[in-house]
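Values in this text are rule-based calculations from the coordinates and carry no lab data. These figures come from a predicted structure and were not determined experimentally. Because the Cβ atoms are built from the backbone with ideal geometry, glycine has one as well, and the counts that use them run over all protein chains shown.
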Amino acid sequence: MSSAPSEESAETLLRKQKALRRTLLERADLLEVRIAVLGGSTTDEVVNLLELLLLRAGLKPVFYQSDYQKYFEEAVIDPARVIAFRPDIVWVYTSSRDVRYPPIDAKEIQGFVDEELARFTAIWDSLQQHIGCVIVQNNFERPETALLGNMDAVSAAGRCRFVNALNERFAHAAESRKRLYLNDLASVATIVGQRALVDLRRWFGYKIFTTPAGSLEVARSMAALIRAMYGRARKCLVLDLDNTLWGGVIGDDGPDKIVIGRETPAAEAFTAFQEYCLRLRGRGVLLAVCSKNTAALAIEGFSHPDSVLRMEHFASFKANWEPKHENIVAISRELNIGLDSLVFVDDNPAERAIVAAQLPTVAVPDVGSEVVDFIPILERERYFETLALSGEDLVRAGLYADNAKRAVQESRFSNYGEYLDSLQMKAEIAPFRAVYLDRITQLTNKTNQYNLTTRRYTQAEIEQIAVDPARIALYGRLSDAFGDNGLITVVIGHQIGPILDLDLWLMSCRVLKRDMELAMLDAVVATCQRRDIRELRGLYKRTAKNELVVDHYARLGFALVEQGPQQSTWSLDLAAYRSRNTHIREISSG
């Protein structure tokens, strides 16, 4: 089998950095992100690469970089400059060179680990106290030397053992601290290779501990985290069939002759890729098919006894002879997700080139023609990065399957209201609860289309909003005869005397046209009336993605107060308000 296809190298990106940066900055919809980088080594190179990766994702980073090896001093001893910068994210960019190891005669390890953890805990505590922003901490790659050989992973004095123990404690800290995330430098080193990651000549010459290629992989990892924080992670994997999910051409070879299973190396490789796709589905990534094929034959391929994937695993299935880019647009519309949520995998370079040219916001990795390369290339690009794995993620694919059943049900009714009544919808609308705060945070950072202001919130900010007496913060869950859609809508407002300003109103697109927004408005108004609030004010901020809700407030009966080029302000007098919801029959308060 051939080697993996070539990618744009770090050297190429760095050489073209200024020109690429100028071009990427021409985008009109860039979202500014302020990032402070506190480095144990020189950080210019990794910052330059990170900037390009974030600009490509529609994020405009503004950077602050600490002085060399002043990460502790600038975070703890004198944080004034970092505070003044007002970062959204602080990246503590350290490596195993910054670790204080136990002496060679150490008899126990725990005390040394506790001491080193305390040093980094002081950094995190200080940043939280003074800034309250998101913190991303590098964990540690394997040390460059193992003086004790294999015993280095066993002995209390072993540096390898110490780094492994410290990484474990960092993982526990990230689990317990809502605003702390790990940039997994240990995994980057494993994937890239220790010798490909570190260059001692560069360290001694410039205090840069990574090679250019290593810097790029570290920047990729960090960019994936930031994309996930700002709702820019991909949501759906769109797959070709012939020579992608199985070997051979099903239309020529027939369903019985496709290559899949365990009998040959090639068959095992296709099976492994199907298993990988199924695991992605299990953690919440949607799967779709886009294939030039006869539909009946394509479907038969998933009846093959060795096929891991089955028809029920796909949220959308397009097998026909139409151009693939047109089918991908149809998939996007069918699933109510943006084209920039899709990743398209096809072994055919011509098809990849057409889709990439026609749909520039769809991710089209250069996977080549060998299935053994598909998984490492998808993993390298980190398209589907997640910050947390919620219960909603684990059942998301099933929720889209339920939507297909609802579409069939809708076709049986000539009157849409009768269709809505047939769903027997039930809603739970209530103030934020601790059990749902993770999901609420995730929704605020992922939802782009049905989102009036696209404001983003950290977990800590959501926790503060939940207990703020000046806020009204409601979530909504919706279930019906076909299943539970989960927590799918959030409204946040702040009270100013007799007025409630709506800071955020969002809803998952998978429950569009079910009148859930009417039920939420009823609940917001009821809460306002209990507080003697007499007016709602809503703000719509236009983005590249939320044209869907341009008439949201008009449809709900709000009056236009002010219209600008990129935003509008709306008002609703509550004096004569009457309930709007008529089709969601049962509404509980959680």
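Given R₀ = 56 Å, what would the calculated FRET efficiency be for GLU275 paired with LYS207, taking r from the Cβ atoms and rounding to 0.05? Given R0 = 56 Å and the Cβ-Cβ separation, E is 0.85. Name the residue farthest towards the positive end of the dipole of the stretch 10-229 from the options ALA228, SER66, ALA153, assuming +1 on Cβ of Lys and Arg, -1 on Cβ of Asp and Glu, about the Cα centre. Working it through, the farthest residue towards the positive pole turns out to be ALA228. For the pair ASP551 and GLU379, label points projected 7 Å from Cα toward Cβ lie 4.9 nm apart.
The length gained by stretching the chain between THR190 and ARG22 to full extension, at 0.36 nm per residue less their Cα-Cα distance, is 57.1 nm. Approximating the spin labels as points 7 Å out from Cα along Cα→Cβ, the ASP252-to-ALA356 distance works out to 2.5 nm.
When restricted to Cα atoms, the stretch 229-269 yields an Rg and a Dmax of 14.9, 45 Å, respectively.
Dividing the C-alpha radius of gyration of the chain by 2.2 N^0.38 Å, with N its residue count, gives 1.05.
Of all DSSP bridge pairs formed entirely within the chain, close to 45 percent run antiparallel. If R0 equals 60 Å, the separation of the Cβ atoms of ALA295 and ALA173 corresponds to a calculated FRET efficiency of about 0.75. With a Förster radius of 35 Å applied to the C-beta separation of ALA481 and ARG310, the computed FRET efficiency comes to 0.90.
Net length available on complete extension from THR145 to LYS426 is 95.0 nm, with 0.36 nm assigned per residue and the Cα-Cα distance removed. Most tightly packed first, judged by the mean number of other beta-carbon atoms within 10 Å of their residues, the peptides 83-89, 71-77 read 71-77, 83-89.
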